[in-house]
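Working notes, beginning with the structure itself.
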Amino acid sequence: MPPPVFRFAPSPNGYLHLGHAYSALLNFDLARASDGRLLLRIEDIDRARCRPDYEQAIYQDLAWLGIRWEPEVRRQSDHFALYRAAVEQLAAQGLIYPAFESRAEIARQVAARQVAGPWPHDPDGAPLYPGAGKQLDPDERDRLIGSGAPYALRLDMTAARALAGDLFWDERGHGPDSETGMVSARPEAWGDVVIARKETPTSYHLSVVIDDALQGVTEVVRGADLFWSTSVHRLLQTLLGLPAPVYRHHPLLRDGEGRKLSKSSGATGLRALRAAGVGSEDVRKMIGLATPA
Ligand code: GLU
């Protein structure tokens with residue numbers, strides 16, 4: 001049996017905090033306990049928010065935690081051509097369409113529909129895309145593209161779902177409502193998700209499934225906030241002919257008021273702790289992860 005492959009995949013859009021330390025150390029411990037490999041991936045497709053100094057800080061903070069990863073780090077911004085090819089693959093299946101509305105315009109359309117009754121929201125709480133782009137006349141579509149208007153490429157969820165059929169994933173951890181075992185994927189809960197944008201030829205969902213497959217990742221260990229995203233990941237894996245890893249979602253660390261930690265929560269930032277003389281063993285105690293024997 002080849003060794004299991006784990007990965008930690010932070011986005012360099014801020015400094016890491018204790019929640020990241022938990023996820024990274026859990027990946028590291030699980031990899032070591034199973035004689036597995038640990039890969040590091042820098043998820044930096046959002047060129048406006050990601051910064052090289054945050055990326056450097058990730059390496060320093062992880063090393064300070066005592067984590068060792070394989071030397072070849074995959075940086076997503078180096079692979080836009082590959083993601084673009086996957087978008088073409090979906091487009092060739094007739095599953096992608098451009099949508100030209102701005103966020104504000106979508107909010108207006110949703111507000112107008114909410115007059116008639118409640119409008120569905122995705123698992124992250126955002127309203128589903130009302131779908132005007134799908135109905136757009138092909139000539140008008142071409143005219144808008146020709147005019148240089150910005151757009152998002154969205155997945156036709158109904159068509160994609162029909163093509164892929166029923167999907168499941170193998171969950172070794174727990175979802176937000178304790179879902180575990182073989183979980184039934186519900187990608188339709190996300191509506192016509194954005195797969196790429198005119199200015200960024202990919203999205204989190206698309207690049208994560210491509211990279212997990214290309215890096216040979218067999219175990220995805222990440223926070224429970226991404227639990228329901230796995231539905232979209234299973235759908236894209238199926239449409240693109242990619243293998244499915246097993247998943248282990250872990251609970252999120254909360255602050256004293258029960259709030260999810262964020263990259264702006266200074267007190268739990270790993271750099272601040274390091275500067276204050278805290279050591280990696282203290283961090284393990286703070287997050288409740290014992291040092292493996
Ligand atoms: N880049 C994502 C984040 O920093 C994690 C993606 C994943 O683990 O699938 O939240």
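List of remarks:
- Rel. contact order, % - alpha carbon contacts under 8 angstrom, at least six apart, the chain: 24
- In straight-distance terms, cross-link reach from LYS198 covers every one of the lysines whose alpha-carbon lies under 27 Å from its own, apart from those fewer than eight places away in the same chain; here that gives LYS134.
- ALA33-HIS174 FRET efficiency (beta carbon distance; Förster radius 22 Å; 0.05 resolution): 0.70
- Trypsin sites (Lys or Arg not before Pro) within region 172-275: DSSP coil, no more than 10 neighbouring Cβ in 10 Å: ARG259
- Taken about its Cα centre, region 177-222 carries a charge dipole of roughly 180 debye when the Cβ of each Lys and Arg holds +1 and the Cβ of each Asp and Glu holds -1.
- Farthest positive-ward along the chain dipole, Cα basis, beta-carbon charges - from VAL246, THR202, GLN76: GLN76
- Distance from region 104-136 to region 147-184 (C-alpha centre basis), Å: 19
- The Rg/Rh ratio for region 72-170 is 1.02, where Rg is the radius of gyration of the alpha carbons and Rh is the Kirkwood radius.
- Qualifying trypsin sites (Lys or Arg not before Pro) in region 13-117, DSSP loop, other Cβ atoms within 10 Å at most 14: ARG47, ARG49, ARG68
- Dipole in debye (nearest 20) - region 33-152, about Cα centre, beta carbon charges: Lys, Arg +1; Asp, Glu -1: 140
- 5 Å binning of all Cα-Cα separations within region 159-234, expressed as whole percents from 0 upward: 3, 13, 24, 25, 21, 11, 2, 1
- Set of aspartates and glutamates with alpha-carbon distance to LYS285 below 20 Å, sequence-local pairs under 8 removed: ASP29, ASP61, ASP255, GLU257
- With every protein chain in place, region 78-186: carbon and sulfur % of accessible area (1.4 Å): 54
- Full-extension gain in nm, MET1 to ALA81, via 0.36 nm per residue minus C-alpha separation: 25.5 nm
- Sequence-distant residues sharing a close amide H with VAL5 (under 5 Å, placed H): ARG37, THR218, GLU219
- The Cα center of region 36-67 and the Cα center of region 8-25 differ in position by 8 Å.
- For the pair GLU257 and ALA276, the difference between a 0.36 nm per residue extended length and the Cα-Cα distance amounts to 4.6 nm.
- Cα lying deepest toward the dipole's positive end in region 134-224, options ALA213, ALA160, VAL193, charges on Cβ: VAL193
- From its DSSP helices (H runs of at least four residues, each -39,500 (n - 2.57)), the chain gives a residue-normalised ellipticity at 222 nm of -11500 deg cm²/dmol.
- Ordering ILE145, LEU95, TRP228 by the projection of their Cα atoms onto the charge dipole of the chain, which places +1 on the Cβ of Lys and Arg and -1 on the Cβ of Asp and Glu, puts TRP228 at the extreme positive end.
- Charged side chains reduced to their Cβ positions (Lys and Arg at +1, Asp and Glu at -1) give the chain a dipole of some 480 debye around its Cα centre.
- For the chain, the direction-averaged projected area of the alpha-carbon convex hull comes to 17.3 nm².
- Per residue, the chain exposes 49 Å² of accessible surface when a 1.4 Å probe is rolled over the protein heavy atoms with every protein chain present.
- Normalised Debye scattering of region 29-87 at q = 0.14, 0.22, 0.28, 0.29 Å⁻¹ gives log10 I(q)/I(0) of -0.51, -0.96, -1.18, -1.21, counting only Cα atoms as equal scatterers and leaving out solvent.
The values are calculated or read from the model by the stated rules, or taken from the named source; none is laboratory data. Keep in mind that what you see is a predicted model, and the values were worked out from it rather than measured. Glycine also receives a Cβ, built like all others from the backbone with ideal geometry; neighbour counts cover every protein chain displayed. These accessible areas exclude ligands, DNA and RNA; they are computed on the full protein's heavy atoms, side chains included. Shrake-Rupley method; radii C 1.70, N 1.55, O 1.52, S 1.80 Å.
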